[in-house]
1. Quick check on segment 34-47. Is at least one of its residues without any contact (Cβ under 8 Å) to a residue 60 or more places away in the chain, within 19 Å of the chain's Cα centre (by Cα) and not in a helix (DSSP H, G or I)?
2. Would a scan of segment 63-71 turn up a residue that is loosely packed, with under 10 Cβ neighbours inside 10 Å and either free of Cβ contacts under 8 Å to residues at least 40 places away in the same chain or under 30 Å from residue 20 (Cβ atoms) (or both)?
3. Under 7 Å by Cβ, and 6 or more places apart or on different chains, what pairs join a residue from segment 11-29 that is part of a helix (DSSP H, G or I) with one that is at pLDDT below 80 and surrounded by 10 or more Cβ atoms within 10 Å (Cβ to Cβ)?
4. Is it the case, given these coordinates, that residue 57 is assigned to a loop (DSSP other than H, G, I, E, B) and modelled with pLDDT under 90?
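The values are calculated or read from the model by the stated rules, or taken from the named source; none is laboratory data. Quick caveat: nothing in here was measured; it's all calculated off a predicted structure. Note: ideal-geometry Cβ built from the backbone for every residue, glycine included; neighbour counts use all protein chains shown.
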């Protein structure tokens, strides 16, 4: 019978905070709640960057950039609310909640 293989080679870590990530994953309820919410937030941030030019500031100055970001967030959230209310009204009326046909 052959001897079990020896563990040799390099140890690779992704970053310096790997131990903290492992500890956070151990707290399953809190970590699960954050991971459940994360994709929705990332989608909205991606929409702001892709369609509402959130990567660039239109105005100079930190305060004006912050106001621009807040207004962009308000517009994206309002757009989501209008879409959701339209879908809800369509479901209540017995129609498909898909896009409106011409």
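1. Narrowing segment 34-47 to residues without any contact (Cβ under 8 Å) to a residue 60 or more places away in the chain: 34-47.
Checking the rest, the ones that are also within 19 Å of the chain's Cα centre (by Cα) come to 34-47.
Next, from what is left, pick out any that are not in a helix (DSSP H, G or I): none.
No; the residues of segment 34-47 include none that is without any contact (Cβ under 8 Å) to a residue 60 or more places away in the chain, within 19 Å of the chain's Cα centre (by Cα) and not in a helix (DSSP H, G or I).
2. Here is the first cut: in segment 63-71, the ones loosely packed, with under 10 Cβ neighbours inside 10 Å are 63.
Now narrow it down to the ones that are either free of Cβ contacts under 8 Å to residues at least 40 places away in the same chain or under 30 Å from residue 20 (Cβ atoms) (or both): 63.
Among the residues of segment 63-71, at least one is loosely packed, with under 10 Cβ neighbours inside 10 Å and either free of Cβ contacts under 8 Å to residues at least 40 places away in the same chain or under 30 Å from residue 20 (Cβ atoms) (or both), which makes the answer yes.
3. 24/31; 25/31
4. On the way: assigned to a loop (DSSP other than H, G, I, E, B): yes; modelled with pLDDT under 90: yes.
Considered against the rule, which asks whether it is assigned to a loop (DSSP other than H, G, I, E, B) and modelled with pLDDT under 90, residue 57 comes out as yes.
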